Amino acid sequence: MTVVVWDGMNLATDRQANDGSLKWESSKAWYVSSNGEVNIVSGVGLLSHIVTLREWYKDGALPDKYPAEIRPNTAQLIVIRQDGLWVYDGTAYPEHRGFNVCAFGHGRDFAFGALAMGADARKAVEIACEYSLQCGKGVEIYSLQRGKDNVEEV
């Protein structure tokens with residue numbers, strides 16, 4: 001349960017994770033080196049699948065090595081590169097969404113409403129956290145332009 005928002009410049013996530021009965025704080029995006037460049041990687045869906053996809057991406061995102069257990073609707077890998085946002089949705093072939101605003105996860109409808117009213121990624125996540133039962137525990141911001149914002153590369 002999450003919200004991930006891209007405003008064309010920054011990626012913002014909430015920090016709430018849960019296992020169905022307990023909730024805790026967790027980072028939901030990472031700075032990852034792949035093919036000689038640093039990218040931001042996040043995702044929505046099953047955490048074990050997101051981590052598997054993150055590692056596949058770090059290893060070069062080779063289509064013939066795409067994890068067989070990842071199917072559409074179990075996890076989306078979200079990658080921010082210098083040329084914008086890319087989404088891997090159950091296949092090794094991503095969709096390029098560029099610099100268009102995007103929101104993912106259970107809080108996406110609240111976030112899209114906030115974006116439509118002029119909010120940036122941070123504010124959109126804050127609003128999703130206020131209204132969605134599935135989001136919360138604060139906001140983290142990631143940007144390729146500003147550096148690592150106190151987030152460790154994995």
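Tell me, what is the percent relative contact order of segment 10-118, built from C-alpha pairs under 8 Å that lie six or more residues apart?
Values: 151 pairs, mean separation 18.7, N = 109.
Relative contact order comes out at 17 percent.
Can you give me the pair-distance distribution of segment 1-151, C-alpha pairs, 10 Å bins, whole percents?
Binned Cα distances yield the sequence 12, 44, 36, 8, 0.
What's the longest uninterrupted piece of the chain once you rule out the GluC sites (Glu not before Pro) that are loop residues per DSSP with at most 12 other Cβ within 10 Å? Could you put the intermediate results ahead of the total?
Working: sites that count: Glu69, Glu152.
Free of exposed loop sites, the longest segment is 70-151.
Using square roots of five times the C-alpha gyration tensor eigenvalues, list the equivalent-ellipsoid semi-axes of segment 75-131 in whole Å, biggest first. Present the calculation step by step, with values, prior to reporting the outcome.
Working: eigenvalues 101, 35, 12 Å².
Equivalent ellipsoid semi-axes, largest first: 23, 13, 8 Å.
Taking a 26 Å limit on the Cα-Cα distance, which of the listed pairs Lys65/Lys137; Lys23/Lys65; Lys58/Lys123; Lys28/Lys65 fall beyond it? Don't jump to the answer; show the numbers that get you there.
Working: Lys65/Lys137 35 Å; Lys23/Lys65 33 Å; Lys58/Lys123 30 Å; Lys28/Lys65 24 Å.
Listed pairs above 26 Å: Lys65/Lys137; Lys23/Lys65; Lys58/Lys123.
Which residues' amide hydrogens lie under 5 Å from the amide hydrogen of Cys135, considering only partners 5 or more residues apart or on another chain, with H built in the peptide plane?
none
With +1 on each Lys and Arg Cβ and -1 on each Asp and Glu Cβ, how big is the dipole of segment 27-114 about its Cα centre, in debye rounded to the nearest 20? Don't skip to the end; give the middle numbers.
Values: 8 positive and 9 negative charges, 34 e Å.
The calculated dipole for segment 27-114 is roughly 160 debye.
With charges set only on the Cβ (+1 for Lys and Arg, -1 for Asp and Glu), what does the dipole of the chain come to about its Cα centre, in debye to the nearest 20?
On the way: 15 positive and 20 negative charges, 20 e Å.
Here the chain has a charge dipole of around 100 debye.
Relative to the longest principal axis of the C-alpha atoms of the chain, give the angle of the C-alpha long axis of helix 121-131, reported between 0 and 90° and rounded to the nearest 10°.
60
Tell me, what ³J(HN,Hα) does each residue in segment 96-107 have, in order and in whole Hz, if you take phi through Karplus 6.51 cos²θ - 1.76 cosθ + 1.60 with θ = phi - 60° and put x for Gly and Pro?
Values, residue by residue: 8, 9, x, 9, 6, 5, 9, 9, 9, x, 5, x Hz.
Per residue, how much accessible area does the chain have with a 1.4 Å probe, in Å²? Write down the numbers at each step before the final one.
Numbers: 7860 Å² over 154 residues.
That works out to 51 Å² per residue.
The values are calculated or read from the model by the stated rules, or taken from the named source; none is laboratory data. These numbers come from a predicted model, not from an experiment. Heads up, the Cβs are rebuilt from the backbone with ideal geometry, glycines too, and the neighbour counts pull from every protein chain shown. To get the accessible areas, we keep the full protein, side chains included, count just its heavy atoms, and leave off ligands, DNA and RNA. Shrake-Rupley method; radii C 1.70, N 1.55, O 1.52, S 1.80 Å.
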